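Notes follow once the structure below has been shown.
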Amino acid sequence: MLQFFFEMKIRMNAEEMLLLLLCLNVVSFIVIAEPPTCPANLGNVCSDSGEWEGEFFPVIPKIKYEGPSSKNPLAYKYYNSEEEILGKKMKDWLRFSVAFWHTFRGTGVDIFGAGTKNWPWEDGTNSVAMSKRRMRAFFEFLNKLGVDKWCFHDRDIAPDGKTLEESNANLDEVVALAKTLQGTRIRPLWGTAQLFVHPRYMHGGATSSELGVYAYAAAQVKKALEVTHYLGGENYVFWGGREGYQTLLITDMERELDHMARFLEAAVAYKKKIGFNGTLLIEPKPQEPTKHQYDWDAATTANFLRKYGLIDEFKLNIECNHATLSGHTCHHELETARINGLLGTIDANSGDPQIGWDTDQFLTDLGEATMVMLSVIKNGGIAPGGFNFDAKLRRESTDVEDLFIAHIGGMDTMARGLRNAAKLIQDGSLAELVRKRYESFDSEIGAQIEAGKADFEILEKKAMEWSDPMVASAKQELAEMIFQSAL
Ligand SMILES: [Mn+2]
């Protein structure tokens, strides 16, 4: 029956369709009424008009810095936004952002069980009215946290419509509200298009084997670029949600990678056409949902960008959990991006050493945070990038205040990482260890090698002249001792 309707729909407009349905007497089971937008058990916070009144988080105060001795879970102990570290305010080093999807669309659902969160502002629908109320709750959350950046997927903030035109109209309505709520202080760190939830994207978006899907994905990215630009976003991220393969037996990998490059070229051209000056970024991930994602890690992605002449148009969004999934540390991925001039922005999260998938936890490891900040300081900061909390509450954490506590904990961890990294840099012992390890290359012949002027004959002559070289200790344990003492 449904297949019949889909086939008919191609040849009919909406009114003709409705007439047909009436004739077939099937309209009665199609829900036409607007879905409810206010749950029954909210008491007086929902007015007769169905609109939420008052604060969404009435018991949560504006989060303030109280210093390391504070025992208040709703206060910063290490993140003091205006404090200067190495000549720059903490807020300018860290540039925190809240991820709309995890924090306001995360339900706690996993493959074994249903969602566990019952946020009071949610009414169980995915209507435009619900999206707008959720957006108001989100901005109250940002304001109470004192964070001035946010990240979003198009389909997280507004519902899919029956057609692309309707989806775009839904998005426009919610985005117009977001623009008002942003005021002069808040801007998107980045926007993106969700090209992985809808079944049409099961083979990928830009790398789908279906031409129609490629075109649909292009239209969705075009719109997402437009709204990111409209909201004053500073960056736009491509995470290749389903851009990869399950088996090479049915995959033309070369053709799919060519398609992905053409897709990204078109995005660059459109970005320029609409005057969007934000940075475009690719977010590497090795696997999940596909067996092999094309943007495996920073090095693979850099090679892709170089091969297709896109290296100057893109940077990388390094996610720590994706780094560990690819068998690297987050520090390795950040350094690989940095030395290739590609360190753009960071998804601050972490995985679990005992769990082999993308758990997207808030980062709480001080050693990890300190190494991350060492890379960021070496890079001179990451603006216009920042630290986006691509992290979610555990399924078992179900209180509204847990949303605040998780972000405060994540921000304090990164702030401690910054303080520790600054301490290590000011102390200078680690840098001195590294300098000494390579000092033999500071010689005349070393300089010749580094300038590409020492051929094998010159080096053979030197090797004979010097006889067997003395090889110094690497001093790894000393380096670890210095590092640990700063935590
Ligand atoms: Mn992740």
Quiz item: Which shape class, rounded, prolate or oblate, goes with segment 79-427 when its Cα gyration tensor gives a ≥ b ≥ c as root eigenvalues, a/c under 1.5 marks rounded, and past that a/b bigger than b/c marks prolate?
Solution: rounded
Exercise. Any chance you could run the full-extension gain for residue 70 through residue 89? It's 0.36 nm times the residue separation minus the Cα-Cα distance, nm to one decimal.
Key: 4.7 nm
Quiz prompt | Distance (nanometres) between label positions extended 7 Å along Cα→Cβ at residue 434 and residue 162 | solution = 6.0
Self-check item: Cα→Cβ-extended label distance, 7 Å offset, between residue 427 and residue 210, nm
Solution: 5.7
Quiz prompt | Cα-based helix-to-principal-axis angle, 14-23 vs the chain, degrees rounded to 10 | solution = 50
Quiz item: When the helix-only estimate is applied to the chain (DSSP H runs of n ≥ 4, each -39,500 (n - 2.57), divided by the residue count), what is the mean residue ellipticity at 222 nm, nearest 500 deg cm²/dmol?
Solution: -14000 deg cm²/dmol
Quiz prompt | Per DSSP, loop chymotrypsin sites (Phe, Trp or Tyr not before Pro) in segment 105-144 with at most 15 further Cβ within 10 Å | solution = 112
Quiz item: Of 64/392; 62/271; 291/378; 436/462; 77/132; 272/423, which ones are farther than 30 Å apart at the Cα?
Solution: 62/271; 291/378; 77/132; 272/423
Quiz prompt | Acute angle (nearest 10 degrees) that the helix 476-485 long axis makes with the longest principal axis of the chain, alpha-carbon atoms | solution = 60
Practice problem: Within the set of other residues whose C-beta is less than 9 Å from the C-beta of residue 326, count the net charge using Lys and Arg as +1 and Asp and Glu as -1. | Solution: -1
Practice problem: With an 8 Å cut-off on Cα pairs and a minimum separation of 6 or more residues, tell me the relative contact order of the chain in percent. | Solution: 14
Practice problem: With a point put 7 Å past each Cα toward its Cβ, work out how far residue 116 is from residue 402 in nm, to one decimal. | Solution: 0.5
Quiz item: What are the residues whose amide H is under 5 Å from the amide H of residue 391, where those residues sit 5 or more places off or on another chain and H is modelled from the backbone?
Solution: 99
Quiz prompt | Principal-axis tilt of helix 400-427 within the chain, Cα atoms, nearest 10 degrees | solution = 20
Quiz item: Taking the DSSP beta bridges in the chain as the whole, what percent of them are antiparallel, to the nearest 5?
Solution: 20
Quiz item: Relative contact order (percent) for segment 231-366, with alpha-carbon contacts under 8 angstrom and 6 or more residues of separation?
Solution: 22
Exercise. With a Förster radius of 25 Å, plug the Cβ-Cβ distance of residue 352 and residue 197 into 1/(1 + (r/R0)^6) and report the FRET value to the nearest 0.05.
Key: 0.55
Quiz item: Which of the peptides 255-263, 353-361, 405-413 is most tightly packed, and how do the rest follow, judged by the mean count of other Cβ atoms within 10 Å per residue?
Solution: 405-413, 255-263, 353-361
Quiz item: What net charge do the residues around residue 256 carry, taking every other residue with its C-beta under 13 Å from that of residue 256, with Lys and Arg at +1 and Asp and Glu at -1?
Solution: -3
Exercise. Enumerate the aspartates and glutamates that residue 461 could reach by cross-link, defined here as Cα to Cα under 18 Å, with residues fewer than 8 away along the same chain left out.
Key: 444, 450
Practice problem: Quick one: net charge around residue 394, please, counting Lys, Arg +1 and Asp, Glu -1 for every other residue with C-beta under 13 Å from its C-beta. | Solution: -3
Practice problem: Kindly identify segment 91-195 as rounded, prolate or oblate by the Cα gyration tensor criterion: order the square roots of the eigenvalues as a ≥ b ≥ c, call it rounded if a/c is under 1.5, otherwise compare a/b with b/c, prolate if a/b is larger, else oblate. | Solution: oblate
Quiz item: Taking the mean number of other Cβ atoms within 10 Å as a proxy for protection, how do you rank 264-275, 432-443, 338-349 from highest to lowest?
Solution: 338-349, 264-275, 432-443
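Rule-based calculations on the coordinates, nothing more; no lab input. It should be emphasised that the depicted structure is a prediction, and the values quoted were computed from it without experimental measurement. Here the Cβ is made from the backbone with ideal geometry for all residues, glycine too, and neighbour counts use every protein chain on show.
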